[in-house]
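Peer 1: Okay, here's the structure, questions in a sec.
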Amino acid sequence: MTLVSAGYRAVQRLSEFVSISECVAEVRDDDWFRDLVLARQTGFDVLEVGFAPEEAEPIVREILAEGWDRETSAVLSRIAEGLRPSGEFLGFELVGYDGGTWHTWRCLGGLVDDVRAATGIVPGRHGLIESEDAARQAARWLTESGLGDPKVFDWAAAGLFLR
């Protein structure tokens, strides 16, 4: 995989799906953790999130434009370290950012079906895409389609690793 770690999310699942989005999971403090030990102290499941650097850049620009400096500094510092995520690989989630919230393709009506119809790509175990190539193709298609508008303009394939 060609991913770099963007940090950790402490999440509690609200459904059978694994997600870093507040729309689908309870996220501890709506925050990113730079430190695994601090994330584990929440008592929630900890997911390490990895992005391809070129997919992370547009999302980081959106976070900066919206003035979310605390979250941006955590994500940027982890990406700058260039570390690869580790842990049990669960799959890829299609995510985007808007107004301080991480959205998933599951929370914006019908996008999973739209991706399936256009690309043939479907989620597997945990509601995640198993192949990096397929996930990146689906993220590109979602971005180009504009179907996340007005909430999400740039989509990325986030690799999720259980820590």
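Peer 1: List pairs: first residue in the range 15-29 and aromatic (F, W, Y), second residue modelled with pLDDT under 90 and surrounded by 14 or more Cβ atoms within 10 Å (Cβ to Cβ) anywhere in the structure, Cβ distance under 7 angstrom, at least six positions apart or on different chains.
Peer 2: F17/V24
Peer 1: Give the range 106-129 a look and list any residue that's over 21 Å from E48 (Cβ atoms) and at pLDDT below 95, or say none.
Peer 2: Across the range 106-129, the qualifying residues are C107, L108, G109, G110.
Peer 1: Would you please list the contacts, defined by Cβ atoms under 7 Å and residues six or more apart or on different chains, that run from a residue in the range 38-62 that is over 15 Å from A6 (Cβ atoms) to a residue that is buried (at least 18 other Cβ atoms within 10 Å of the Cβ) and basic (K, R)?
Peer 2: T42/R28; F44/R28
Peer 1: Checking E57 against (1) over 25 Å from G124 (Cα atoms); (2) open to solvent by less than 90 Å² (accessible area, probe 1.4 Å); (3) of a type in the set (D, E), which single condition isn't satisfied?
Peer 2: The number of the failed condition is (2).
Peer 1: Taking T101 as the residue in question, decide whether it is out of contact with any Leu (no Cβ under 7 Å at 6 or more places or on another chain), free of Cβ contacts under 8 Å to residues at least 60 places away in the same chain, surrounded by fewer than 20 Cβ atoms within 10 Å (Cβ to Cβ) and of a type in the set (V, I, T).
Peer 2: The answer is no for T101.
Peer 1: Then there is this: When only residues in the range 106-122 that are closer than 26 Å to E88 by Cα and in contact (Cβ under 8 Å) with a residue 40 or more places away in the chain count, which is most open to solvent (accessible area, probe 1.4 Å)?
Peer 2: The selected residue is R106.
Peer 1: In a strand (DSSP E or B) and among the hydrophobic types (A, V, I, L, M, F, W, C): does that describe V18?
Peer 2: no
Peer 1: Take the residues of the range 145-163 that are open to solvent by 40 Å² or more (accessible area, probe 1.4 Å) and touching a helix residue (DSSP H, G or I) at 6+ places or on another chain (Cβ under 8 Å): which is farthest from T119 (Cα to Cα)?
Peer 2: Only one residue tops the list, namely R163.
Peer 1: Among the residues that make up the range 34-50, is at least one of them touching a Pro at 6+ places or on another chain (Cβ under 6 Å) and on the phi < 0 side of the Ramachandran plot?
Peer 2: yes
Peer 1: Now for a different question. Among the residues of the range 74-96, how many are open to solvent by less than 40 Å² (accessible area, probe 1.4 Å), touching a Lys or Arg at 6+ places or on another chain (Cβ under 9 Å) and within 23 Å of A134 (Cα to Cα)?
Peer 2: Residues that pass the stated criteria total 7.
Peer 1: Let me ask something additional. Assigned to a loop (DSSP other than H, G, I, E, B) and β-branched (V, I, T): is that true of V122 in this structure?
Peer 2: When the stated conditions are applied, V122 passes them.
Peer 1: Further, regarding this structure: Go through (1) open to solvent by 70 Å² or more (accessible area, probe 1.4 Å); (2) modelled with pLDDT of 85 or more for V11 and report which single condition fails.
Peer 2: That leaves (1) as the condition not met.
Peer 1: Let me ask you something else. Between E54, E132, which is of a type outside the set (A, V, I, L, M) and at pLDDT below 95?
Peer 2: E54
The values are calculated or read from the model by the stated rules, or taken from the named source; none is laboratory data. Computed from a prediction, not measured in an experiment: that's the story for all the values here. We place every Cβ from the backbone using ideal geometry, glycine too, and count neighbours over all the protein chains shown. For the accessible areas, the whole protein counts, side chains as well, though only heavy atoms, and no ligand, DNA or RNA atoms are used. Shrake-Rupley method; radii C 1.70, N 1.55, O 1.52, S 1.80 Å.
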